[in-house]
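Participant: I have a structure I would like to understand better, so I am pasting it below and will then ask my questions one at a time.
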Amino acid sequence: MPYTPTIALLPSLFTPAQARAYLARISYPNFTPSSGNEDVPLPPPTYETLQRLMTRHLASVPFENTALHYTPDHYIYVDPEWLFDRIVTKRMGSFCMGMNAVFLHVLRALGFRAYSGGGRVRQPSGAYEGFGHMVLFVSLPTPSSSSSPSSSPGDETETIYHVDVGFGEGSTLSPIPLPPTPSAPSHPSPRSPTNHQIMLLESSPLPSAGALHPHQLYLLSHFPKKGEEGKAEEVPLYVFTTLEFHQADYELMTYAMSLKAGSIFTSSVLAAVKLVDPEDPGRVVGQVSLLGKEVKRRRWGSRSVAGSGFGSGREASGKGGDGRGKEAGEGGEEGGNGKKNGQGGEEGEVLETCETEEERIEALKRWFGLDLGDMGDALRCVEGRGVGLPGLRRA
């Protein structure tokens, strides 16, 4: 018999036309930027659709913080309509709350049952910061096992999935089912043979001053590399709760994120986008990232990734933003004008080192498709931010 869902089917703030515009923005199959796609049916709310949406989003919309440094407001807004204009209309990117907020309302526009929650990111010291991350929860029907003695044909159960397209390199590449009981391991997310993710429900790792029974939190970890003994090393990313968060919560969180001195967002310029296998567009095989002044490309597993600039289709390209939307993998091994440095792989290869602010602004457009507008305006905005590169031209 049909299951009783535990997540409500809520209306989206985006119209069907906006949902189609978003699908064209991420080059979802059958949706093209050159038309309104009115006659193209919206994809159904299934696991397969959710997986494909995640892959296309991560390969098309850069995780980035340029709004903090290259705009007069020096602020990242989380209003869904503002974010839609930035990500879809202007073809820019955003940070965690911006990426996941847009994704949430697209999911609801497609008929998914979904809501959002909050997480605490783990710092290199091992401490967890205050709530400053947004995660999504999606409910989907799961057919009962035919081998179960209590199940009948047509029986369905509910599975709640964790979804996160806004954590930069640590973004989950597939929906991960929440473990039903404490310390029960979830199914690993099929990230790649060398970069798996796994989720556990554990007692809170946060020190508690008064609670006799610490609250149970989910912990998302990944295994980016093997240690000296050849075993995968677990790297905790963040903990989160299934408590529902609302717009007012994210307004406070982004306020702190935009102003907190010393955070990675306020103290660095960063951008990252995933690369897909040209022979299997549903498989993520690497990423291109900028942190500070260095652009790197990393490969996961043994599959090579050739090229990495951005065309208008937001696919990886060996031509470096030539505006023709080349597919991932085209072009030479150097990709764009970045020269190979090292062996690539898990440690990555340096594609470009920016020595001046002008070079970095041009690199953001070349490798990530981020057009900051007038060069003089961008330089005036970043001046005095503490992140400007040496050789900054005063305009």
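Participant: Within segment 1-38, can you find the residues that are open to solvent by 70 Å² or more (accessible area, probe 1.4 Å) and charged (D, E, K, R)?
Facilitator: Listed by number, the list holds a single entry, E38.
Participant: Any residue in segment 204-225 that is part of a strand (DSSP E or B), modelled with pLDDT under 90 and within 23 Å of L351 (Cβ to Cβ)? Quick ask: steps written out before the conclusion?
Facilitator: Looking only at segment 204-225, we keep the residues that are part of a strand (DSSP E or B), and these are 216-223.
Pick out the ones that are also modelled with pLDDT under 90 and you get 216-223.
From the residues that got through so far, the ones that are within 23 Å of L351 (Cβ to Cβ) too are none.
Among the residues of segment 204-225, not one is part of a strand (DSSP E or B), modelled with pLDDT under 90 and within 23 Å of L351 (Cβ to Cβ), which makes the answer no.
Participant: Restricting segment 39-56 to residues that are free of Cβ contacts under 8 Å to residues at least 60 places away in the same chain and part of a helix (DSSP H, G or I), which is least open to solvent (accessible area, probe 1.4 Å)? Lay out the reasoning, then the answer.
Facilitator: We begin by selecting, within segment 39-56, every residue free of Cβ contacts under 8 Å to residues at least 60 places away in the same chain; these are 39-41, 48, 53, 56.
With the extra rule that they be part of a helix (DSSP H, G or I), the set shrinks to 48, 53, 56.
Details: E48: 127, L53: 0, R56: 17 Å².
Checked segment 39-56; the qualifying residue least open to solvent (accessible area, probe 1.4 Å) is L53.
Participant: Only residues in segment 18-29 that are closer than 13 Å to P41 by Cα count as the first member; pair them with residues that are among the β-branched types (V, I, T) and buried (at least 20 other Cβ atoms within 10 Å of the Cβ), Cβ under 6 angstrom, at least 6 apart or cross-chain, and list the lot.
Facilitator: A19/V106; A21/V88
Participant: Counting just the residues of segment 354-395 that are open to solvent by less than 10 Å² (accessible area, probe 1.4 Å) and of a type in the set (G, A, S), which one comes out modelled with the lowest pLDDT?
Facilitator: If we filter segment 354-395 for residues that are open to solvent by less than 10 Å² (accessible area, probe 1.4 Å), which is where we start, we get 354, 357, 360, 363-364, 367-368, 370, 378-379, 382.
In the following step, the residues that additionally are of a type in the set (G, A, S) were identified as 363, 378.
On the way: A363: 97, A378: 93.
Among those that are open to solvent by less than 10 Å² (accessible area, probe 1.4 Å) and of a type in the set (G, A, S), it is A378.
Participant: What is the one condition in (1) farther than 20 Å from V165 by Cβ; (2) under 17 Å from the mean Cα position of the chain (by Cα) that A261 does not satisfy?
Facilitator: For A261, the exception is condition (2).
Participant: Determine which single condition N100 fails, assuming it passes every other condition in (1) part of a helix (DSSP H, G or I); (2) in contact with an Asp or Glu (Cβ under 8 Å, 6 or more places away or on another chain); (3) of a type outside the set (A, V, I, L, M, F, W, C); (4) open to solvent by 10 Å² or more (accessible area, probe 1.4 Å).
Facilitator: N100 satisfies all of (1) part of a helix (DSSP H, G or I); (2) in contact with an Asp or Glu (Cβ under 8 Å, 6 or more places away or on another chain); (3) of a type outside the set (A, V, I, L, M, F, W, C); (4) open to solvent by 10 Å² or more (accessible area, probe 1.4 Å) except (4).
Participant: Can you say whether A256 is outside any loop (DSSP other than H, G, I, E, B) and open to solvent by 40 Å² or more (accessible area, probe 1.4 Å), as far as the supplied structure shows? Steps first, answer last, please.
Facilitator: On the way: outside any loop (DSSP other than H, G, I, E, B): yes; open to solvent by 40 Å² or more (accessible area, probe 1.4 Å): yes.
Against the criterion (outside any loop (DSSP other than H, G, I, E, B) and open to solvent by 40 Å² or more (accessible area, probe 1.4 Å)), A256 qualifies.
Participant: Look through segment 159-181, keep the residues that are in a loop (DSSP other than H, G, I, E, B) and of a type in the set (V, I, T), and return whichever of them is most open to solvent (accessible area, probe 1.4 Å).
Facilitator: T181
Participant: Among the residues of segment 259-266, is there at least one that is over 28 Å from G117 (Cα atoms) and outside any strand (DSSP E or B)? Even if it seems obvious, please write down each step before you answer.
Facilitator: Going through segment 259-266, the residues over 28 Å from G117 (Cα atoms) turn out to be none.
No, that holds for no residue.
The values are calculated or read from the model by the stated rules, or taken from the named source; none is laboratory data. Since this is a predicted model, take the numbers as computed values, not measurements. Heads up, the Cβs are rebuilt from the backbone with ideal geometry, glycines too, and the neighbour counts pull from every protein chain shown. When the accessible area is computed, the model is the full protein with side chains, heavy atoms only, and any ligands, DNA or RNA have been set aside. Shrake-Rupley method; radii C 1.70, N 1.55, O 1.52, S 1.80 Å.
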